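Undergrad: I'd like to ask some things about the structure below.
We did not get these values from a lab; they are worked out from the coordinates using the rules stated. Owing to the predicted nature of the structure, the values given are computational and were not obtained by experimental measurement. Counting neighbours? That spans all protein chains shown, and the Cβs are built from the backbone with ideal geometry, glycine included.
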Amino acid sequence: MFNNTDKHYNQFSAVLKNKFGVKVYKITLDAGFSCPNRDGTVSNGGCIFCDDGGSFSKAHSNLLSVDEQVKIGAKTLSERFGAEKFMSYFQAFSNTYKPVNELEKIYNSALNHPDVVGISIGTRPDCIDDDKIKLISSFKDDYYTWLEYGLQSVHDKTLKKINRGHDFECFLKAYEKTKEAGINVCVHVIFGLWENHDEIMQTAQTLAKLGVDGVKIHMLCALENTKLAEMYSAGEIDFMSEDEYVQTVCDFLEYLPPDTTIHRLAGNGHRKILIAPRWIGKKFEVLNKIDNEFIKRNSYQGIKFVYKDT
Ligand code: SF4
């Protein structure tokens, strides 16, 4: 249905394959960034779900230089999967949280490999400014360039509850500046944040109206040594069931425009430190259930998207 695949949504990996002619593999990098929401600059303690790896991922060892990480990542992926092209991906913590001259060196190191065709930088919307946007924008003529903003929800009451340290307005300002600079924007959202179904759909409709380029969906999960894990043991939160998550993902995607790229719907590889819900460890099972639910509904991404206000 989308990109000559049998997927009922616009999967980012298929978009990459169409664009570059081969499967493009992400090399996840750790340049030793921190986060202003963890070091006390914005608030104390960070987001309630954040673990020591910084927002859902343990990246490669930060003892290695970024150049080395790219070289090793490309070699490993080539040997294991025959990979030919790569995107450098800064995932853990806030990857714009350094002075712009340092960022320039770090990002250039990540692009200094003949088979790297793109760069994706994950950060917070309060961790960006005009100079940083200008720097990132300078890559876009030669590389497929993305900024990924953690937003999680458009509802300020939710952002407060998860100790996000910024509000929706902050995201909007960063988003508008980034789009004006011609950089692709992927927005991260989390399901299960004490929100009802209508509230989650309001996030989908708001992102649809903004026309964001990409979306990454996570299921809230309690990892060891997090505030959320404490709340879970105190009985302060119930997680969505797998079935509820699958239904909610399909409902959410139905509201997004068909050309919004879907960067992730399941799986975050944290089985060793995952406390709950345990079902999120079975990534392919969840993805299969999403595919089957779309088939059952005879539906697809964008079916409920309204192109113009009447
Ligand atoms: S913004 Fe990301 S790295 Fe920072 S506290 Fe929240 S989840 Fe952790």
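Undergrad: What whole-number distance in Å separates the alpha-carbon centres of the stretch 147-170 and the stretch 276-310?
TA: 23 Å
Undergrad: For the stretch 65-85 and the stretch 104-140, what is the separation of their Cα centres, given in Å?
TA: Between the Cα centres of the stretch 65-85 and the stretch 104-140 lies a distance of 19 Å.
Undergrad: Could you tell me which Cys residues in the chain have no other cysteine's Cβ under 4.7 Å from their own Cβ, answering none if every one has a partner?
TA: Cysteines lacking a close Cβ partner in the chain: Cys35, Cys127, Cys170, Cys186, Cys221, Cys250.
Undergrad: Under the 0.36 nm per residue contour assumption, what length would be gained going from the current alpha-carbon distance of Glu224 and Asn298 to full extension? Write out the running numbers ahead of the final one.
TA: Values: separation 74, 0.36 × 74 = 26.64 nm, distance 3.92 nm.
My answer for the length gained is 22.7 nm.
Undergrad: Which value, in debye to the nearest 20, describes the size of the charge dipole of the stretch 207-310 about its Cα centre when Lys and Arg Cβ atoms bear +1, Asp and Glu Cβ atoms bear -1, and nothing else is charged?
TA: 300 debye
Undergrad: Tell me which residues come under 5 Å, amide H to amide H, from Ser34 once H is placed; ignore anything under 5 positions away on its chain.
TA: Ser94
Undergrad: Then there is this: Projecting each Cα onto the charge dipole of the stretch 12-297 (Lys/Arg +1, Asp/Glu -1 at the beta carbon, about the Cα centre), which of Tyr175, Tyr149, Asn108 comes out farthest on the positive side?
TA: Of Tyr175, Tyr149, Asn108, it is Asn108.
Undergrad: Projecting each Cα onto the charge dipole of the stretch 237-299 (Lys/Arg +1, Asp/Glu -1 at the beta carbon, about the Cα centre), which of His263, Phe284, Ser299 comes out farthest on the positive side?
TA: The residue sitting most towards the positive pole is Phe284.
Undergrad: Given 0.36 nm per residue, what is the gain on full extension from Tyr307 to Lys140 after removing their alpha carbon distance, in nm? Before the final figure, lay out each step's value.
TA: Working: separation 167, 0.36 × 167 = 60.12 nm, distance 2.76 nm.
Full-extension gain reported as 57.4 nm.
Undergrad: In addition: For a quick check of your reading of the filter: which GluC sites (Glu not before Pro) in the stretch 233-295 sit in a DSSP loop and have no more than 11 other Cβ atoms within 10 Å? Walk me through the numbers before you get to the answer.
TA: Numbers: sites: Glu236, Glu242, Glu244, Glu254, Glu285, Glu293; in loops: Glu236.
Counting only loop positions with at most 11 other Cβ atoms within 10 Å, the GluC sites (Glu not before Pro) in the stretch 233-295 are Glu236.
Undergrad: What would the Debye formula give as log10 I(q)/I(0) at q = 0.14, 0.16 Å⁻¹ for the alpha-carbon point model of the stretch 12-297, no solvent?
TA: Log10 I(q)/I(0), no solvent term: -1.08, -1.46.
Undergrad: Ranked from highest to lowest mean number of other Cβ atoms within 10 Å per residue, what is the order of the peptides 10-19, 113-122?
TA: Working: 10-19: 18.9, 113-122: 20.4.
Ranking, from highest mean packing down: 113-122, 10-19.
Undergrad: Could you give the nm distance between label points at Gln202 and Asn18, where each point is 7 Å from its Cα heading toward the beta carbon?
TA: 3.3 nm
Undergrad: Within the stretch 230-310, which chymotrypsin sites (Phe, Trp or Tyr not before Pro) sit in a loop by DSSP and count at most 11 neighbouring Cβ atoms inside 10 Å? Kindly include the intermediate steps, with their values, before the conclusion.
TA: Values: sites: Tyr232, Phe239, Tyr245, Phe252, Tyr255, Trp279, Phe284, Phe294, Tyr300, Phe305, Tyr307; in loops: Phe239, Tyr300, Phe305, Tyr307.
Answer in residue order: Tyr307.
Undergrad: Nearest-5 percent of antiparallel DSSP beta bridges in the chain? Each step should come with its number before you reach the end.
TA: Details: 2 of 35 bridges.
Within the chain, antiparallel bridges account for around 5 percent of the total.
Undergrad: Positive end of the dipole of the chain, charges at C-beta (+1 Lys, Arg; -1 Asp, Glu), about the Cα centre: which of Gln69, Val189, Cys221 has its Cα farthest in that direction?
TA: Toward the positive end, the furthest listed residue is Gln69.
Undergrad: Relative to the present Cα-Cα distance, how much length would full extension add between Lys157 and Thr5 at 0.36 nm per residue of separation?
TA: Values: separation 152, 0.36 × 152 = 54.72 nm, distance 3.87 nm.
Length gained between Lys157 and Thr5: 50.9 nm.
Undergrad: Filter Lys157/Lys282; Lys71/Lys134; Lys23/Lys71; Lys71/Lys227; Lys216/Lys289 down to the pairs with a C-alpha to C-alpha distance above 29 Å, please. Mind dumping the intermediate values first?
TA: Working: Lys157/Lys282 31 Å; Lys71/Lys134 27 Å; Lys23/Lys71 18 Å; Lys71/Lys227 36 Å; Lys216/Lys289 17 Å.
Pairs exceeding 29 Å: Lys157/Lys282; Lys71/Lys227.
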